[in-house]
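The values are calculated or read from the model by the stated rules, or taken from the named source; none is laboratory data. Since the structure is predicted, the reported quantities are computational estimates derived from the model, not experimental observations. Virtual Cβ from ideal backbone geometry, glycine too; neighbours counted across all protein chains shown.
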Amino acid sequence: MTEPVHESAAEPSPVPRQDDAGPSRVPDPGRGPARLLVDPVFGPYIVGKLVGTAGMWVFSISAAIVAFELTRSAFVVGLVSIAQFAPQLLLAPLSGAIADRGDRRRQIVLGRLLVVLGSGGLAAWLAASGVDDLPGAWPVLLASMVVGLGFVVGGPAMNALVPTLVRPHELAAAIGLNNVPITVARTVGPVVGATLTSAVSPAAAFAVAALANAVFGLAVMVLPISGRVRTPTGSDRRVRAGIHHLRRDPTLVVLLGGVVAVAFGSDPAITLAPSLSAELGHGTDLVGLLTSAFGLGAMTSFPLMGLVRRRFGEPVVTTAGLWLLGVGLLLAAPAPSAAIACVTLAVAGAGMMMSLTSLSTQIQMRLPDFIRGRVMALWAVAFLGSRPLASAFDGLVADLLSVDAALIAVAVLVAVAAWLARPARIAPAPFVPD
């Protein structure tokens, strides 16, 4: 793992040196989330990522609305999501290999430029002609594909860059903060996108999405970040080296399987929210509240996560989070009221954040830096690439059986993952040089 590229003179040494004042010296426990947020590099990076990720959600919901207005077809709306996320399945491993060979900062900036091109280009087209004059939905699909390419170009580099911005013993706190923008943006972005699209114009929504991603790209460009990777002589530089690394460390396969389970467990808060709202006797007014409750639970999980980590260790955080996620979904199935459904989904959201953060931390701690981009590309495939499968599974079970059956089925899947990823099955991390 590379050393952080910035150090504050006021910060103590991350590990005690042999020449320090005797054996009684207490090792520096590392900076917690609050101190990392005011770090002159890590703090602006996280804020920039929050802005950029919110912009991605603004684009996604606005593109779905415009596609539906043009075609009145749910299938075409699904194609918008496929256009954005299919590149994750096809190109993430290659993008991860490039992140391990070149400059990760430059790759992140390039990815954001593609996002700006896709969303900004569509904004300009709509500003000139309006939605009604578009030649069908294909401009929206094309823009979505460009945005998806931008996300896959920069995604593995973003995940691989985070550990180089902090000290090794601050990694858990850093990854927890790195996941916050995803959760917050998922809660706020769709509301902003839908409001702009309906109250102002679709062109304004896409322009805001482009601006938000330009802000993130500019932040990464100007921050004193070194994106270069020190590759040991003779190391395997091929794309398939990420797969080979999983064979040498089978525990990574278990952890990535847990990430897939988290992806499936987080999907019902979106895909099943309309059906659950209708089952509770409400209309669309409850849908946003159910989704927001899941996100709120995720954002408020950090104190519990820290307590479990300090007392029991990282693998227990993973197991506890997966069980919370599964139990929350299981209790949402028979929820007799909207209030109880919101509470149970908040519990599930807390479990989602705990398990995803812990799984990501354990994966990162097992990786030498020269292979990090390729393995984190597999993380992207597990978490983002499985989203279409999770949505299809939830929707199919809900249509064929019931919403309750879909929630129970996903809860069982998450429970199986919790059992497979129990602490007894997590081997100690191999030695990873700093």
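Key figures
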| item | result |
| --- | --- |
| Unique match (being closer than 22 Å to residue 271 by Cβ, among the hydrophobic types (A, V, I, L, M, F, W, C) and part of a helix (DSSP H, G or I)) among 411, 424, 377 | 411 |
| Flag for residue 123 being at negative phi, surrounded by fewer than 19 Cβ atoms within 10 Å (Cβ to Cβ) and more than 20 Å from the chain's Cα centre (by Cα) | no |
| Pick from the range 279-334, criterion assigned to a helix (DSSP H, G or I) and of a type in the set (Asp, Glu), ranking: surrounded by the fewest Cβ atoms within 10 Å (Cβ to Cβ) | 279 |
| Filter result for residue 157 (in contact with a Lys or Arg (Cβ under 6 Å, 6 or more places away or on another chain) and within 24 Å of residue 245 (Cα to Cα)) | yes |
| Residue, surrounded by the most Cβ atoms within 10 Å (Cβ to Cβ), within the range 166-223, restricted to residues that are of a type in the set (Ser, Thr, Tyr) and farther than 30 Å from residue 366 by Cβ | 197 |
| Pairs with Cβ under 9 Å, 6+ apart, first in the range 318-347 and more than 12 Å from residue 298 (Cα to Cα), second outside any helix (DSSP H, G or I) and among the polar types (S, T, N, Q) | 333/402 |
| Members of the range 304-329 that are in contact with a Leu (Cβ under 7 Å, 6 or more places away or on another chain) and over 17 Å from residue 176 (Cα atoms) | 328, 329 |
| Filter result for residue 361 (surrounded by 22 or more Cβ atoms within 10 Å (Cβ to Cβ), assigned by TED's automatic domain parsing to the domain that holds residue 253 and more than 24 Å from residue 412 (Cα to Cα)) | yes |
| Residue in the range 392-407 that is more than 13 Å from the chain's Cα centre (by Cα), under 19 Å from residue 173 (Cβ atoms) and crowded, with 24+ Cβ neighbours inside 10 Å present | no |
| Qualifying residue in the range 240-251 (condition: closer than 30 Å to residue 40 by Cα, assigned to a loop (DSSP other than H, G, I, E, B), at pLDDT below 85 and in contact with a Lys or Arg (Cβ under 9 Å, 6 or more places away or on another chain)) | no |
| Selection within the range 1-60 - at pLDDT 70 or above, under 21 Å from residue 155 (Cβ atoms) and of a type in the set (Val, Ile, Thr) | 41, 46, 47, 51, 53, 58 |
| Cβ pairs under 8 Å, 6+ apart, first in the range 121-137 and under 16 Å from residue 204 (Cβ atoms) and in the same structural domain as residue 70 (by TED's automatic domain parsing), second modelled with pLDDT under 90 and acidic (Asp, Glu) | 131/69 |
| Complete set of residues in the range 94-108 that are crowded, with 21+ Cβ neighbours inside 10 Å and either more than 10 Å from residue 157 (Cα to Cα) or within 17 Å of the chain's Cα centre (by Cα) (or both) | 95, 96, 108 |
| All positions within the range 155-186 that are within 13 Å of the chain's Cα centre (by Cα) and of a type outside the set (A, V, I, L, M, F, W, C) | 155, 156, 159, 176, 178, 179, 181, 183, 186 |
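Okay, residues lined up against (1) modelled with pLDDT under 85; (2) under 17 Å from residue 369 (Cβ atoms):
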site: 156; (1), (2): no, yes
site: 161; (1), (2): no, yes
site: 172; (1), (2): yes, no
site: 180; (1), (2): yes, no
site: 192; (1), (2): yes, no
site: 196; (1), (2): no, no
site: 201; (1), (2): no, no
